[in-house]
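Okay, structure first, notes after.
Every read-out reported here was derived from the displayed coordinates using simple, explicitly stated rules and does not represent laboratory data. On a predicted model such as this, the values are computed, not experimentally measured, just so you know. Note that we place each Cβ from the backbone using ideal geometry, even for glycine, and neighbour counts take in every protein chain shown.
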Amino acid sequence: MESVKTKKIFETAEDFLPINGTDYIELYVGNAKQAAHYYKSAFGFQSVAYCGLETGNKEKVSYVLEQGKIRLVLTSPLVKDGLINDHINLHGDGVKVIALWVDDATKAWEEATKRGAKSYFSPKKDKDENGFVITSGIHTYGDTVHIFVERYHYNGPFLPGYKSWNEEYNPPGVGLKYVDHMVGNVEWGEMNTWCEFYAKVMGFTQLVSFDDKDISTEYTALMSKVMSNGNGRIKFPINEPADGKKRSQIEEYINFYNGAGVQHIAVATENIIETVSALRRRGVEFLHVPDNYYDNVLERVGEIDEDLKPLRDLNILIDRDDEGYLLQIFTKPVVSRPTMFFEIIQRKGAQSFGKGNFKALFEAIEREQEQRGTL
């Protein structure tokens, strides 16, 4: 993979370590084989690479899946004790690694650690017959880590140590293109700490801030700030709980995840109606907003290209900012605990995150919390 020069669109980002995009997202899961089947069958990901006993790895097994530019790695332990086991026992299935594609993994690690990042591992070079990859890593909120991946001297299926995973069963994709953003939930009073981390350690800039007046219902509230790198390819909203009459979704997440972690992965599509229709047919469950949400939505957002009826039928939300509008919908949790979920988003010019939908969305989440007895 060749080095890529990307255009800086947010001038206030200092970009100490230029990032080309999301390289992969690794989830530690209880049963990687079955999880891989779920993401293929339900979300339309395709088999790419594998490591495990057959490749000489006696500690863990990993399945690598792709759709568009989205790459998921699903990893389970092969032994009874160890760090992966500890992560699953504490958090349940969840994101361990947000890997970032960089031109220089050594310089990225040096820049981050000298500005205060805690090292996860120092730069290392792995090679096989397909070339070599240099990686390094730092810690971020909770047990989540960032791994910097320098791969333009490598042309294998994923990383050294993996082999191509060729399987006949590969359901067609559903139109998912790339990771739009990834949301982290952190504990009370920690939002500004981690926003400062992304600004000072990684050179990100703050795009937007939401307080408990922006994101609240009668019962619950939260606060959020969105951090982005200079080219806008990496966006990390950071949420923390705020005081409310009842327990917010952020508190529920932290209670069940036992700490800070990735709340949801937002993936982009160019046709949300087709994508969500396909996902629903495959059994993916989405949050339901009241039908009266659509009674005056066009008065709020103005003219859109799509007919309202299919959006209403599919429960897709609409919002507008100064740049355009967006369409979005949120799955129910895709793991056993009420923690991680996905957002499907289509941007028609809008650069924002659906502020106008927050109240309807949070009320929908509260209804789910009430059924779980965690509100």
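With both labels modelled 7 Å from their Cα along Cα-to-Cβ, the Lys69 to Asp86 distance reads 3.5 nm.
Take the Cα of Asn271, step 7 Å along the line toward its Cβ, and report every residue of the range 169-210 whose backbone nitrogen sits under 13 Å from that point. Those under the cut-off are 173-176. Candidates Val186, Val284, Trp165 compared by Cα position along the dipole of the chain: farthest toward the positive end lies Trp165, with charges placed on Cβ. The mean sequence distance of close C-alpha pairs (under 8 Å, at least 6 residues apart), as a share of the length of the chain, puts its relative contact order at 17 percent. Distance between the 7 Å Cα→Cβ label points at His153 and Lys7: 3.2 nm. In this structure the amide hydrogen of Asn57, modeled in the peptide plane, comes within under 5 Å of the amide hydrogens of Gly52, none closer than 5 places in sequence on its chain. When the range 28-135 is described by a simple charge dipole with +1 on each Lys and Arg Cβ and -1 on each Asp and Glu Cβ, the residue from Ser122, Tyr63, Gly44 located farthest towards its positive end is Ser122.
Shown for the chain are no DSSP H helices, since none reaches 24 Å along its axis, judged by Cα atoms, with a mean Kyte-Doolittle hydropathy of at least 1.6.
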